[in-house]
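The values are calculated or read from the model by the stated rules, or taken from the named source; none is laboratory data. Since the structure is predicted, the reported quantities are computational estimates derived from the model, not experimental observations. Note that we place each Cβ from the backbone using ideal geometry, even for glycine, and neighbour counts take in every protein chain shown. The area values use the complete protein model at the heavy-atom level, side chains included, leaving out ligands, DNA and RNA. Shrake-Rupley method; radii C 1.70, N 1.55, O 1.52, S 1.80 Å.
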Amino acid sequence: MLVGNSRRRTRIRKSKLRVTDLELENGSYDLELFAPSAGSIQTQPIEIRNGELWIDLPTFTDDIVVHIYL
């Protein structure tokens, strides 16, 4: 049972994330990253090639939400 803010937080350092097997056409897209713990939103242009994408992740704590705008 968690009480208050007693759970351990996990900090993830800036890194690259490879996503594969995407069923999207090759091309340019906009990507949005939302870090709920910080309340911050970042956007970046991305390129999808042959169903593959590399995302530059910022340092974040616990969770990050990735949204690709088609």
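A few comments on the model shown:
- Spin-label pair His67/Arg11, simplified geometry with 7 Å Cα→Cβ offset, distance in nm: 2.7
- Rounded to the nearest 20 debye, dipole of the chain from Cβ charges on Lys, Arg, Asp, Glu: 660
- Compactness of the range 13-70, taken as the C-alpha radius of gyration over 2.2 N^0.38 Å, stands at 1.13.
- These residues, Asp62, Asp56, go from largest to smallest accessible area, 1.4 Å probe, as Asp56, Asp62.
- Note on the chain: dipole from Cβ charges, positive end direction compared against Ile55, Gly39, Ile68; the farthest Cα belongs to Gly39.
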